[in-house]
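To start, the structure under review is shown below, and the notes come after it.
The values are calculated or read from the model by the stated rules, or taken from the named source; none is laboratory data. Quick caveat, the model's predicted, so the values are computed rather than measured. With ideal geometry, Cβ positions are generated from the backbone for all residues, glycine too; neighbour counts draw on all protein chains shown. Heads up: the accessible areas ignore ligands, DNA and RNA and are worked out on the full protein's heavy atoms, side chains in. Shrake-Rupley method; radii C 1.70, N 1.55, O 1.52, S 1.80 Å.
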Amino acid sequence: MRRFVLSSCLLALAAASPSALAWGQLGHRLVAQLAERDLTPQARAQVDALLADEPDPTLGGIASWADTLREHDPDLGRRSAKWHYVNIGESGCRYQATRDCPNGDCVVEAIVAQSAILADTARPHAERVTALKFVVHFVGDAHQPMHAGYAHDKGGNTHQINHRGRGTNLHAFWDSGMLNSAGRRDADWLTHLATLPAPAPAARVLPPPAQDWAEAACRIAVAPGVYPARGRLGQDYVSAHLPTVEQQLRDAGARLGTLLNAALAPAAP
Ligand code: ADE
Ligand code: ZN
């Protein structure tokens with residue numbers, strides 16, 4: 001009995017604890033695999049050199065590394081915990097660095113800072129490897145609308161909902177719940193996302209316009225209908241919002257590819 005009570009408590013805690021993870025493993029992998037298809041030969045060669053010691057030396061293979069730091073590098077996990085999101089929903093989705101990103105601790109400045117480290121070939125190899133892993137992950141995070149939304153509910157983490165009779169929260173539903181409910185096989189997702197239109201090229205590549213990405217993601221999070229009037233979400237919610245999830249993943253993949261090609265271009269002679 002006591003064990004039952006204890007495990008129920010742990011389960012309840014796990015369900016309730018805020019997640020800073022963004023897109024589940026599938027979403028992060030898809031963003032990375034889309035980018036991987038767009039790499040120039042020069043960027044490909046540098047990515048291969050940077051990831052040579054990884055168990056899975058592909059962008060898809062390292063895409064969720066930043067979400068596992070709490071297990072294998074708790075200190076870096078703590079220092080980078082705020083780099084996965086920026087809450088600007090209460091500010092009309094207008095990002096202001098001093099207000100929204102003190103000490104550079106948010107996803108916008110993390111993308112800018114880690115891209116600069118990645119692009120700097122004078123930096124130690126290990127630092128650039130870590131920067132590559134962070135950039136691949138955070139470009140995905142910046143496109144998850146709940147990672148640029150409201151502070152008051154921790155980006156939907158404390159907004160409880162119910163889908164198909166199971167309790168979850170709005171953040172998790174946008175991370176992975178809607179993707180999983182589509183019933184598509186993992187292998188078919190990449191093919192499907194690649195058919196979606198790529199975003200218009202940005203005026204600037206480096207430093208990456210991460211602020212624009214987060215503000216656009218925020219506008220999705222605060223749009224009417226995203227926060228359901230009732231806690232029970234059905235197929236109509238998924239039909240309305242899954243296309244947005246898919247386009248965000250598509251956009252993130254294309255932008256990540258462009259960013260990596262610029263950061264890993266050969267130095268001008
Ligand atoms: N913690 C606080 N706000 C958050 C957000 N928007 N996403 C993830 N974790 C958070
Ligand atoms: Zn994350």
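Applying the Karplus parametrisation 6.51 cos²θ - 1.76 cosθ + 1.60 with θ = phi - 60° to the phi angles of the stretch 219-232, what ³J(HN,Hα) value in whole Hz is obtained for each residue in order, glycine and proline being reported as x?
So the Karplus estimates, Gly and Pro as x, are 4, 5, 4, 9, 5, x, x, 6, 8, x, 5, 10, x, 9 Hz.
Quote the FRET efficiency, to the nearest 0.05, computed for Tyr227 versus Ala126 with a Förster distance R0 of 30 Å and r equal to the Cβ-Cβ distance.
Values: r = 42 Å, r/R0 = 1.41.
Approximately 0.10, to the nearest 0.05.
Within the accessible area of the stretch 2-264, what % is carbon and sulfur when the probe is 1.4 Å and the other protein chains stay in place?
The value for the stretch 2-264 is 55 percent carbon and sulfur by accessible area.
Just grab the label-to-label distance for Gln96 and Leu76, each label 7 Å out from Cα along the Cβ direction, in nm (one decimal).
Taking the two extended label points, one gets 3.4 nm.
Mean residue ellipticity at 222 nm from the helices of the chain, using -39,500 (n - 2.57) per DSSP H segment of n ≥ 4 over the full residue count, to the nearest 500 deg cm²/dmol?
Value at 222 nm, helices only, nearest 500: -16000 deg cm²/dmol.
5 Å is the cut-off here: which amide hydrogens, built 1.01 Å from N in the peptide plane, fall below it relative to Asn162, excluding neighbours closer than 5 in sequence?
It is Thr168, Arg232, Leu233, by chain and number.
Separation between the Asp105 and His192 pseudo-spin-labels, each 7 Å from Cα along Cα→Cβ, expressed in nm?
In this crude spin-label approximation the distance works out to 3.8 nm.
Using label points projected 7 Å from each Cα along Cα→Cβ, tell me how many nm separate Arg166 and Arg185, to one decimal.
2.1 nm
For the chain, modelled as a GNM with alpha-carbon contacts under 10 angstrom, which of Thr121, Thr158, Thr244 fluctuates the most?
Comparing Thr121, Thr158, Thr244 in the GNM, the peak value goes to Thr121.
Stokes-Einstein diffusion coefficient for the stretch 27-149 at 37 °C in a medium of 0.692 mPa s, Rh from the Kirkwood formula over Cα pairs: what value in µm²/s?
218 µm²/s
What's the local net charge at Ala217, with K and R +1, D and E -1, over the other residues with C-beta under 10 Å away?
-3
Per residue, what accessible area does the chain have, given a 1.4 Å probe and all protein chains present, in Å²? Numbers along the way, then the final one.
On the way: 13200 Å² over 269 residues.
So the chain comes to 49 Å² accessible per residue, rounded to a whole number.
Expressed in nm², what is the orientationally averaged projection area of the convex hull enclosing the Cα positions of the stretch 2-264? Mind dumping the intermediate values first?
Numbers: hull surface 60.7 nm².
Averaged projected hull area, Cα only: 15.2 nm².
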